[in-house]
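Chemist: Got a structure for you, questions after.
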Amino acid sequence: MQQEVVLALLAKEPSHGYQLRARLQQALGPLGEAMNAGQIYVTLTRLEKAGLVVSERSDGLADRPDRKVYELTAAGQQRVGDWVAEVSWPRPDLAEFHLKLVAAAAARLADPVAIVDAQRRELLRRLRDAQRAAMTEPTRSDAALLLEGIVLRLQADLRWLEACERNWTGRKGGS
Amino acid sequence: MSDTGTTSVLRACGLRKEYGKGEGLVRAVDGVDLEVAPGETLAVMGPSGCGKSTLLHLLGGLDRPSGGEVELAGRRLDQMGEKALARMRRHAVGFVFQAFHLMDELTAVENVELPALLAGSSPRAARRRALSLLEQIGLADRAKFLPSALSGGQRQRVAIARALANEPLVVLADEPTGNLDSEATLEVLRLFESLHEAGQTLVIVTHDTRIAATADRLISMRDGAFVDETRLTGGTTGHLGALAGLES
């Protein structure tokens, strides 16, 4: 789990680790189910060493990580502010697939259209999974919004594959 | 009906539809072979003009083929007279269209009961069935609303309920989410899913990958012919996290 995410989840109020986990689960829905429960505590320990959070043992049983209440330090607040203001977006990894088609066609390693077909089947399976997850999620929940993002991206990828198919089908016919 | 030995609800063989002549000849459907099993959800995808709507019209008896065979419940639609074909359409097929095609001056329940009335049901039986269908699609409280008072997703759900009025063997849907936003698309997909679970046979032509991905089987169509077929299986959310940038 990215450190800044855990920090930002703490920004609301000082919290136990399990409260942060509950916030994550709420926001991620079915996508949060595969998450390793211990991960958040590992991250919190690192953040504490880095001076971005401090912890205080709350009443009750000692020595259970669950018993600690974590809070942002001033440095932690600063980091969250920077992260929220930062503009970042994952790079779409299209060039590799594009070059695969170009190289496969040039060296006659494989029919580019067959490669496109195989890729499309894989994307459709993913879209099916995302769509099914979205259908069981209550409308307008946080998790539904994330699933919609996945669905829209897969749809965009599928549209690009259509363009790839048109392009390579045309070249085959023309040569 | 089972005496033909077929287990398909819908079957096409060498199906063709041509328009125009000579240089202007268009082969809208060009030699399609197809079998649809009972309870199957089949999606046919392709770009506009690939012939998928024409194909749907041929499968539902809305249009006559130029050649080849089309068989619904073991009966050859291509050899049927007009009267028998109209009867078959009314009783065995439910159509769903992109633009809903609801009657604007009729309420939701009146729209839904109309096919049953046309097929000779008593008004009471037709109304009872229509109300239970509206209940099933979650719009019982909108029964007396005119289509103009419903959202796009609600209108399409009413149109789907209407398609089910005569308990058709197959529902044929032409771009059913073409006019809908993302949320309304989900409403319609959920409804199709519940029909699928209830064993309804569905054939959907679309260029919406969201619908296509929820079908059992997906056929890609280009220039009037089938070019690829995918059977979609699976159903885990295990790798979805990776798609959203979450490490697992």
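Where a number appears in this text, it was derived from the coordinates with a stated rule and is not lab data. These numbers come from a predicted model, not from an experiment. Quick reminder, even Gly has a Cβ in these numbers, built from the backbone with ideal geometry, and neighbours come from all protein chains shown.
Chemist: Mind checking A:28-38 for the average number of partner chain beta-carbons within 10 Å of each residue's beta-carbon?
Modeler: Details: counts 4, 2, 5, 9, 3, 4, 10, 4, 2, 0, 0.
Counting Cβ atoms of other protein chains within 10 Å of each residue's Cβ and averaging gives 4.
Chemist: Indicate, rounded to the nearest 5 percent, the antiparallel portion of the DSSP beta bridges found entirely in chain B.
Modeler: Working: 21 of 39 bridges.
Restricted to chain B, the bridges split so that about 55 percent are antiparallel.
Chemist: Roughly how tilted is helix A:74-85, in degrees to the nearest 10 and between 0 and 90, from the longest Cα axis of chain A?
Modeler: Orientation of helix A:74-85: about 20 degrees from the principal axis.
Chemist: Using Cα springs under 10 Å in a Gaussian network model of chain A, which residue among A:Pro112, A:Pro90, A:Pro138 shows the largest mean-square fluctuation?
Modeler: Maximum among the listed residues: A:Pro90.
Chemist: So for A:Asp142, B:Asp104, fewest C-beta neighbours within 10 Å to most, what's the order?
Modeler: B:Asp104, A:Asp142
Chemist: Less than 27 Å apart at the alpha-carbon level, and either on another chain or at least 8 residues along: which lysines does that give for A:Lys68?
Modeler: A:Lys12, A:Lys49
Chemist: Other chains near B:205-215: what is the mean number of their Cβ atoms within 10 Å of each residue's Cβ?
Modeler: Partner Cβ neighbours, averaged per residue: 5.
Chemist: Taking each full run of DSSP H in chain B as one helix, which ones are at least 18 Å long along their axis (Cα atoms) and have mean Kyte-Doolittle hydropathy of at least -1.0?
Modeler: Helices passing the filter in chain B: B:123-136, B:182-197.
Chemist: Right, next: Mind checking A:131-137 for the average number of partner chain beta-carbons within 10 Å of each residue's beta-carbon?
Modeler: Going residue by residue through A:131-137 and averaging, the value is 6.
Chemist: Region B:170-209 to region A:89-132: how many Å between their Cα centroids?
Modeler: 27 Å
Chemist: Please report the relative contact order for region A:23-114, taking Cα pairs under 8 Å with a sequence separation of at least 6, and give it as a percent rounded to a whole number.
Modeler: Over region A:23-114, the number comes to 15 percent.
Chemist: How much of the DSSP bridge set in the protein assembly as shown is antiparallel, in percent, rounded to the nearest 5? It would help to have the intermediate numbers written out before the result.
Modeler: Values: 28 of 46 bridges.
Roughly 60 percent of the beta bridges in the protein assembly as shown run antiparallel, per DSSP.
Chemist: I've got another one for you. Which order, highest average first, do A:31-41, A:120-130, B:93-103 follow once you tally other Cβ atoms within 10 Å for each residue and take the mean per peptide?
Modeler: On the way: A:31-41: 15.9, A:120-130: 20.8, B:93-103: 19.2.
Taking the mean over residues of other Cβ atoms within 10 Å, the ranking is A:120-130, B:93-103, A:31-41.
Chemist: Counting pairs of alpha carbon atoms under 8 Å apart in space and at least six apart in sequence, what relative contact order in percent does chain B give?
Modeler: It rounds to 27 percent for chain B.
Chemist: Sticking with this structure for a sec: For chain B, set up a GNM with springs between Cα atoms under 10 Å and report which of B:Asn111, B:Asn166, B:Asn179 has the largest fluctuation.
Modeler: Checking each option, the largest mean-square fluctuation is seen for B:Asn179.
Chemist: Right, here's the next one. Tell me the angle of helix A:112-136 to the major Cα principal axis of chain A, expressed in degrees between 0 and 90 and rounded to the nearest ten.
Modeler: 40 degrees
Chemist: For region A:36-43, in order, what is each residue's ³J(HN,Hα) by Karplus, 6.51 cos²θ - 1.76 cosθ + 1.60 with θ = phi - 60°, in whole Hz (x at glycine and Pro)?
Modeler: Karplus-based 3J(HN,Hα) across region A:36-43 equals 6, 5, x, 4, 5, 6, 4, 5 Hz.
Chemist: If you don't mind, another one. Note down the relative contact order for chain A as a percent, whole number, built from C-alpha pairs under 8 angstrom at least six residues apart.
Modeler: 22 percent
Chemist: Give me the one-decimal nm value for the distance between modelled label points at A:Arg140 and B:Asp181, 7 Å along each residue's Cα-to-Cβ direction.
Modeler: Between A:Arg140 and B:Asp181, the simple spin-label model gives 1.1 nm.
Chemist: Rounded to the nearest 5, what % of DSSP beta bridges with both residues in region B:116-248 are antiparallel?
Modeler: The answer is about 55 percent antiparallel.
Chemist: Using only DSSP helix segments of four residues or longer, with each worth -39500 (n - 2.57), what per-residue ellipticity at 222 nm results for chain A after dividing by its residue count and rounding to 500?
Modeler: One gets -21500 deg cm²/dmol as the mean residue ellipticity at 222 nm.
Chemist: Right, next: Pick from B:Pro47, B:Pro38, B:Pro147 the residue whose mean-square fluctuation is largest in a GNM of chain B, springs joining Cα atoms under 10 Å.
Modeler: B:Pro47
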